[in-house]
Amino acid sequence: MPIKVVIAGATGMLGQHLFRVFSGNPVYDVYAISRTGAHIPADRHIQLDMTDTAQLKKSMLALKPEIVIYAAAQVNVDLCEKDKDYAYALHVTAAKVLSELPSVKSFVYISSDAVFDGQRGNYVEKDSCNPLNYYATTKMLAEQELLKRSTDIYVIRVNIYGFHATPGNSLFEWAWNAFDKGEKITGFDNVYFNPLYVGTLARLVLKLLEKKVKKGVYHFGTSDTLSKYDFLLSIANAFNFDRSLLQKTELDQSKFKAPRPLNTTLCTNKIVAAGIRMPAFEEGMAELVNDFKKKFANEYNL
Ligand SMILES: NC(=O)c1ccc[n+]([C@@H]2O[C@H](COP(=O)([O-])OP(=O)(O)OC[C@H]3O[C@@H](n4cnc5c(N)ncnc54)[C@H](OP(=O)(O)O)[C@@H]3O)[C@@H](O)[C@H]2O)c1
């Protein structure tokens, strides 16, 4: 019997790849939860707002998933600051409800590098969290709630990049669109991260479950570190845009409603020691270029 998997947030930048990777493996019988779902086959789609926990619980008790991968989120940090109840309900309460289902044996929670304050960088799993904004606070609170359970809980702290099935406003999409229109943009030269391409991360999540890695918290990320400026420059280079459209700047916290951390690079020694290799940044960028060209070749004349 195939193993029943639910991907919460399956229409998102990461969730779409999780849905594709797991659906392509006959071992799994995959279902998707989200409010919209243009790209999800109707018989696989559970369309609901997960902050309606009564409805969520009712439909999941009927479905009986064995594995839940939680990639649903409100990633707009300023919106989370404005509507704290919603952020808490989506990032903490809904995840807790799913983890408590009697059928669930393994639960993967996609957390964030933002649980750290970014003062130091190269964080290991045991370092103390000190979130600077409410989005990150809810991710930390969710981790704490979930890790109380005896189920196999995997918390993956990570930063990601990619693009949405229906064009959205990720960092990559914002920069690509600006470069394409010949608009000048700036990139923070004092903000560091080691983000994974979403397509790569989806495969690594599958590997994590298949290798039966010990439950707990894991840091995922590229083996190299880059600034947000370096990241934007690599997009300009990869798509042959005019590099002079990009200028360096420094993060000025005063411009944001919610403060942002400066250096959230994650040390990945623990997951590498568990036998899962983390790729170099250029590997993920090459995969993104390939996926982007395949997906948008006609629309963008690539
Ligand atoms: N994006 C980043 O830079 C970043 C960095 C670090 C960590 N992360 C983490 O990575 C994970 C994936 O992020 P992402 O960028 O892929 O997010 P995303 O593109 O914004 O996707 C979010 C997903 O959650 C679903 N969703 C949102 N609110 C919902 C609700 N009330 N009920 C049901 N579904 C809901 C959305 O579907 P509908 O809109 O159709 O409901 C969508 O499928 C998240 O855990 C995030 O915290 C992201």
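Annotations for the structure displayed:
- Residue order for Lys294, Lys248, Lys84 - accessible surface, 1.4 angstrom probe, largest first: Lys294, Lys248, Lys84
- With R₀ fixed at 30 Å, the C-beta to C-beta distance from Asp43 to Asp180 puts the FRET efficiency at about 0.25.
- Chain lengthening between Ile3 and Thr151 when straightened (0.36 nm per residue, less Cα-Cα): 51.7 nm
- Region 187-214-region 215-290 distance, computed between alpha-carbon centres (Å): 10 Å
- Surface accessible to a 1.4 Å probe, Lys4 within the full protein complex, Å²: 50 Å²
- Length available on full extension from Asn76 to Lys105: 0.36 nm per residue minus the Cα-Cα distance, which gives 7.4 nm.
- The residues neighbouring Tyr109, those whose beta-carbon lies less than 15 Å from its own, together hold a net charge of +1 under the Lys/Arg +1, Asp/Glu -1 convention.
- Partner aspartates and glutamates whose Cα lies under 13 Å from the Cα of Lys228, excluding those fewer than 8 positions away in the same chain, are identified as Asp189, Glu250.
- Once the mean of 1/r is taken over each pair of separate Cα atoms and inverted, the chain shows a Kirkwood hydrodynamic radius of 19.7 Å.
- Rounded to the nearest 10 Å², the accessible area of Cys129 at probe 1.4 Å: 40 Å²
- Accessible area ranking (1.4 Å probe, heavy atoms, ligands and nucleic acids excluded), largest first, for Leu56, Leu63: Leu63, Leu56.
- With 24 Å as the limit, the listed pairs Lys105/Lys214; Lys82/Lys255; Lys181/Lys293; Lys4/Lys207; Lys4/Lys215 all fall inside it between alpha carbons.
- Over 23 Å (Cα to Cα) - which of Lys64/Lys212; Lys58/Lys84; Lys57/Lys257 fall in this group: Lys58/Lys84; Lys57/Lys257
- With the Kirkwood sum run over all distinct C-alpha pairs, region 15-123 has a hydrodynamic radius of 15.3 Å.
- Cα gyration tensor shape of region 1-63, rounded if a/c is under 1.5, else prolate or oblate by comparing a/b with b/c: oblate
- Calculated on C-alpha atoms, the gyration radius of region 157-302 divided by its Kirkwood radius gives an Rg/Rh of 0.99.
- Cα centroid separation - region 24-81 against region 151-169, whole Å: 14 Å
- If R0 is taken as 35 Å, the Cβ-Cβ distance between Val289 and Asp85 corresponds to a FRET efficiency of 0.30.
- Whole-Hz Karplus values for region 256-267 come out as 10, 5, 10, x, 10, x, 8, 10, 10, 4, 10, 7 Hz, taken residue by residue from phi with 6.51 cos²θ - 1.76 cosθ + 1.60 and θ = phi - 60°; glycine and proline positions read x.
- Helical contribution to [θ] at 222 nm, DSSP H n ≥ 4, -39,500 (n - 2.57), averaged over the chain, rounded to 500: -10000 deg cm²/dmol
- Length-normalised contact order of region 72-169 in % [C-alpha pairs under 8 Å, at least 6 apart]: 35 percent
- Taking 0.36 nm per residue of sequence separation and removing the Cα-Cα distance, the Lys255/Lys212 pair yields an extension gain of 11.1 nm.
- Listed residues Glu143, Glu282 arranged by accessible area, highest first, probe 1.4 Å: Glu282, Glu143
The values are calculated or read from the model by the stated rules, or taken from the named source; none is laboratory data. All values reported here derive from a predicted model rather than from experimental measurement. All Cβ positions, even for glycine, are placed from backbone atoms using ideal geometry, and neighbour counts span all protein chains on display. Only protein heavy atoms, including side chains, enter the accessible area calculation; ligands, DNA and RNA are left aside. Shrake-Rupley method; radii C 1.70, N 1.55, O 1.52, S 1.80 Å.
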